[in-house]
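Okay, so here's the structure we're looking at.
The values are calculated or read from the model by the stated rules, or taken from the named source; none is laboratory data. Bear in mind that the values here come from a model prediction, so they are computed numbers and not experimental data. Because the Cβ atoms are built from the backbone with ideal geometry, glycine has one as well, and the counts that use them run over all protein chains shown. Surface areas here come from the heavy atoms of the whole protein model, side chains and all, with no ligands, DNA or RNA. Shrake-Rupley method; radii C 1.70, N 1.55, O 1.52, S 1.80 Å.
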Amino acid sequence: MQDQEEQNRTDDYDTPWKTILETYFEDFMAFFLPVAHQGIDWSRGVEFLDKELARIAHDAEIGNRTMDKLVKVWQKNGQERWVLIHAEVQGEWKKDFLSRIYTYQYRAFDIKKMPVVGLIILTDEEPNWRPNEYHQELWGSEVVYRFNTVKLLDYLNRLDELENSDNPFSIVVLAQLQAKKTHNQPEARYQSKWHIIRSLYKRGFSQQQIVNLFHFIDWVLALPEAIDQRFWHELNQFEESQKMPYISSVERIGQKKGILIGRQEGKAEMLLHLIQRRFGMVPEAIHKQVFSANLTNLDIWIDRILDSDSLQAIFEDQNTPH
């Protein structure tokens, strides 16, 4: 049962991808679409247009797409632009994929009347599936929408590049590739996870970067309880030898108590992480409320956090059972 809970958590890639993308959006663009990164005025900041994206999905009857992101940026020439990020983190072919991408594009254009840059991240294992164009033609009328596509599978031939990069998304890609490669292979996953974690300390990342990236790695490369305990024991020893108690000193309170972090606890940790990023220090009462909540409440609060103007607004009028 515990192994199944860990596997369910591992298969839920939306949550860690969403968090790491929002935390390191500039690095994300530099890694996956450098031509756009060079044209953006990063001094003006970025804005995640979650309300606009929700409106697009609702009007088009697309439904909730956790890993679709619509981001407002400014070009260096002063013009406002929108970037549509769509990550197929479930990693599977969908027959309506192209029409869905095109719907997002023209609905976003309809709202703001400005060009939309599409960037699609594919994590599937089908080497020949490389969609990059929507095409519709009838009786002399023609519509063509071309977008940027990144296939993570291609990075299997660029592992040396990933190993030597100081961009946080080199770690993200490595972890995602290993999550696919080591599915149902706990010992191989342990070795891969340990290798990636140790590399964090050799790349010059700050303590906060290491902690943030660890969240992603720990989620997508979740281990069965017995191997996970072994991992934590060796991690603690490694950090002591390096005199860098970055992760062991601030992460996984539940692990220190001998509690396996499963799907519910993982979502609670993710919610607290998002609250801290949005509103600062998390009050003790909120911390207790989150960790005592069920999955239904946690999902509702996670959905609310980006649209809430205050910490209290996330939790108000909550009638679902605890």
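Here are a few things to note about the model shown:
- Top-ranked residue in region 155-184 [being in contact with an Asp or Glu (Cβ under 8 Å, 6 or more places away or on another chain) and more than 18 Å from MET29 (Cβ to Cβ); ranked as modelled with the lowest pLDDT]: LYS180
- The residue of region 227-256 that is modelled with the highest pLDDT, among those that are assigned to a helix (DSSP H, G or I) and of a type in the set (Gly, Ala, Ser), is SER241.
- TYR145 being outside any strand (DSSP E or B) and either surrounded by 13 or more Cβ atoms within 10 Å (Cβ to Cβ) or modelled with pLDDT under 90 (or both): no
- Evaluated against (1) farther than 24 Å from ALA268 by Cβ; (2) in contact with a Ser or Thr (Cβ under 8 Å, 6 or more places away or on another chain); (3) at pLDDT 90 or above, TRP139 falls short on exactly one condition, (2).
- Residue count for region 100-133 under the criterion of being closer than 17 Å to VAL144 by Cα and acidic (Asp, Glu): the result is 2.
- Only one of the listed residues (LYS18, LYS69) is touching a strand residue (DSSP E or B) at 6+ places or on another chain (Cβ under 9 Å), modelled with pLDDT under 85, buried (at least 17 other Cβ atoms within 10 Å of the Cβ) and part of a strand (DSSP E or B). That residue is LYS69.
- Residue match in region 28-35 (condition: open to solvent by 80 Å² or more (accessible area, probe 1.4 Å), hydrophobic (A, V, I, L, M, F, W, C) and either at pLDDT below 85 or over 17 Å from the mean Cα position of the chain (by Cα) (or both)): yes
- Of all residues in region 114-128 being over 19 Å from LEU70 (Cα atoms) and over 22 Å from the mean Cα position of the chain (by Cα), the one that is most open to solvent (accessible area, probe 1.4 Å): ASN128
- You will find that of HIS183, HIS215, the residue that is closer than 26 Å to GLN242 by Cβ and open to solvent by 10 Å² or more (accessible area, probe 1.4 Å) is HIS215 and no other.
- Qualifying residue in region 124-135 (condition: within 21 Å of ALA30 (Cα to Cα) and among the hydrophobic types (A, V, I, L, M, F, W, C)): no
- Region 277-304, residues that are touching a His at 6+ places or on another chain (Cβ under 8 Å), part of a loop (DSSP other than H, G, I, E, B) and surrounded by 14 or more Cβ atoms within 10 Å (Cβ to Cβ): ALA293
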